[in-house]
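As structure tokens, the structure follows; a few thoughts come after it.
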Amino acid sequence: MINRRQFIKIALITPVALTLDGAQIQGKNDIPMKEAAYYRKIDEKQKKVWCQLCPRGCILSNGELGFCRARKNIDGKLYALGYAQPCALHVDPIEKKPFFNVLPKTLSFSIASAGCNLRCKYCQNWQISQVSPMETTNKYSPPQGIVNAAIKSGSRSIAYTYTEPTNFFEYMLDVAKAAKSKGILNVQHSNGYINPAPLKELCQYLDAVNIDLKGFTNSFYNSLCSAELDPVLETIKTIKASGVWVEITNLVIPGHNDDLNVISKMCAWVKTSVGADVPVHFSRFYPMYRLTGVPPTPVSTLEKAREAGLAAGLHYVYIGNVPGHPGENTYCPHCKKIVIKRSGYNILENNVKNGKCPHCSEKIGGIWAA
């Protein structure tokens, strides 16, 4: 059993510098800034640039930050402010990401830098997601240093998580390349708000992605996240088509995205568009950030959502944030027996053998060996 007190938590200490052409941007140490990928210069005279990393397509004048707060136009070039500047470094159980069908009971070295390209009113990590890397306490950590730390911690994977990994795309990509060469898995928890070209490049190095499918209507995405639904659906399909393992998390918020008819449609879309083996996690909401007036999700609502997923033909439908609930377990889609028994992040039993059910030899979808 995993003891939560045994998780390694690395405190971040001194802010470090971001410099450009000898000009100090922040802090005391001289750390070069990283020019961003996926942007175009559109007005040399006025020094305007067009970011093409995510569907927002920010057009930025000199000195402006992108919507994500993690990219800045400095003198006509776009820079990734969070490159090698993580504000969070932790070693977590992979179940916390959450991945339930990927290397159970292993550790994942988890990193993030500040910023996000969504504005979710219920964000649980808003202190670091809704600010710029220039406003957080960071620890300079080059890609190879992250890989070395992951190896030293005994982690089987590196997770890009906590904030939105798209905002530190270049850093994530370089870490992922270095990790891949050492046989460490790359896993990501993302909102899925990224353009196809950078996503396809990234998928060459990712092993598993958990996408927050926050709702299944545009009105929900517009009002609670300041975003659109369709790009997220396209991202999920692109990841699946790239051969990367996909899991989906849906945080069920009372009065906002808990309509069972809509949830049933979402589950049907998952089955039709990416397949029955894609796990869906229905997670319990707790009041947070700017949505503190909404009560926690009734467990009965989560149970009905899980039933809707199973009725739609999905093989792995989970209930999250309710430790000890039977909906945390992994069941064989054929014989219906428990193959992985959980309580919170603890694995009580793992009976998957060579990726198969020990009772009927049915294949259990997932990644069971690195």
- [ ] Would you check if Ser226 is on the phi < 0 side of the Ramachandran plot and of a type in the set (S, T, N, Q)?
- [x] no
TODO: Answer yes or no as to whether Pro295 is outside any helix (DSSP H, G or I) and under 23 Å from Ile211 (Cβ atoms).
DONE: no
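Take Asn218 and tell me if it is more than 27 Å from Tyr331 (Cα to Cα), out of contact with any Pro (no Cβ under 8 Å at 6 or more places or on another chain) and not hydroxyl-bearing (Ser, Thr, Tyr).
In short, yes.
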TODO: Within the range 176-185, track down each residue that is under 14 Å from Glu201 (Cα atoms) and in contact with a strand residue (DSSP E or B) (Cβ under 6 Å, 6 or more places away or on another chain).
DONE: Ala176
TODO: Collect the residues in the range 110-124 that are surrounded by fewer than 24 Cβ atoms within 10 Å (Cβ to Cβ) and either aliphatic (A, V, I, L, M) or in contact with a strand residue (DSSP E or B) (Cβ under 8 Å, 6 or more places away or on another chain) (or both), keeping them in residue-number order.
DONE: Lys121, Tyr122, Cys123, Gln124
- [ ] Just name the residue that is surrounded by the most Cβ atoms within 10 Å (Cβ to Cβ) out of those in the range 264-289 that are among the aliphatic types (A, V, I, L, M) and not in a helix (DSSP H, G or I).
- [x] Val280
TODO: State all residues of the range 63-78 that are over 22 Å from the mean Cα position of the chain (by Cα) and within 17 Å of Ser132 (Cα to Cα); if no residue qualifies, say none.
DONE: Gly63, Glu64, Leu65, Lys72, Asn73, Ile74, Leu78
- [ ] Being surrounded by 21 or more Cβ atoms within 10 Å (Cβ to Cβ) and either more than 25 Å from Asn321 (Cβ to Cβ) or hydroxyl-bearing (Ser, Thr, Tyr) (or both) narrows it down to one of Leu53, Leu107, so name that one.
- [x] Leu53
Task: Elements of type strands (runs of 3 or more DSSP E) contained in the range 300-359, each with 1 or more residues being closer than 21 Å to Gly275 by Cβ - done: 317-320, 338-343
Open item on the list: Just to be sure I understand the filter: pairs with C-beta atoms under 7 Å, separated by 6 or more residues or on different chains, first member in the range 196-217 and under 22 Å from Ile94 (Cα atoms), second member at pLDDT 95 or above and among the basic types (Lys, Arg). Which pairs pass?
Closed with: Tyr205/Lys177; Tyr205/Lys180; Asn210/Lys97
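One line per residue, one yes/no per condition, for (1) of a type outside the set (Ser, Thr, Tyr); (2) assigned by TED's automatic domain parsing to the domain that holds Ala305; (3) in contact with a strand residue (DSSP E or B) (Cβ under 9 Å, 6 or more places away or on another chain):
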site	(1), (2), (3)
Lys139	yes, yes, yes
Ala159	yes, yes, yes
Phe168	yes, yes, yes
Asn195	yes, yes, no
Tyr205	no, yes, yes
Task: the range 295-318, residues that are touching a Phe, Trp or Tyr at 6+ places or on another chain (Cβ under 7 Å) and either surrounded by fewer than 21 Cβ atoms within 10 Å (Cβ to Cβ) or not assigned by TED's automatic domain parsing to the domain that holds Cys225 (or both) - done: Pro296
TODO: Output yes when any residue across the range 58-67 is surrounded by fewer than 20 Cβ atoms within 10 Å (Cβ to Cβ) and either in the same structural domain as Ile128 (by TED's automatic domain parsing) or at pLDDT below 95 (or both), and no when none is.
DONE: no
Open item on the list: Quick check on my filter: what residues within the range 129-152 are farther than 21 Å from Val209 by Cα and buried (at least 18 other Cβ atoms within 10 Å of the Cβ)?
Closed with: Gln130, Ser132, Pro133, Met134, Thr136, Asn138, Lys139, Ser141, Ala149
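Is it fair to say Val49 is assigned to a strand (DSSP E or B) and within 19 Å of the chain's Cα centre (by Cα)?
no
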- [ ] Would you kindly identify the strands (runs of 3 or more DSSP E) lying entirely within the range 129-221 that contain at least 3 residues that are closer than 30 Å to Lys265 by Cα?
- [x] 185-190, 208-212
TODO: Report whether or not Tyr122 is in a loop (DSSP other than H, G, I, E, B) and touching a Phe, Trp or Tyr at 6+ places or on another chain (Cβ under 8 Å).
DONE: yes
TODO: Working only within the range 226-256, note down all residues that are of a type in the set (Asp, Glu) and either buried (at least 23 other Cβ atoms within 10 Å of the Cβ) or part of a loop (DSSP other than H, G, I, E, B) (or both).
DONE: Glu228, Glu247
Open item on the list: Just to be sure before I move on: is Gly243 small (Gly, Ala, Ser) and more than 28 Å from Tyr331 (Cα to Cα) in the structure I sent?
Closed with: no
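The values are calculated or read from the model by the stated rules, or taken from the named source; none is laboratory data. Worth saying up front: this structure is predicted, and the values here are computed from it rather than measured. Counting neighbours? That spans all protein chains shown, and the Cβs are built from the backbone with ideal geometry, glycine included.
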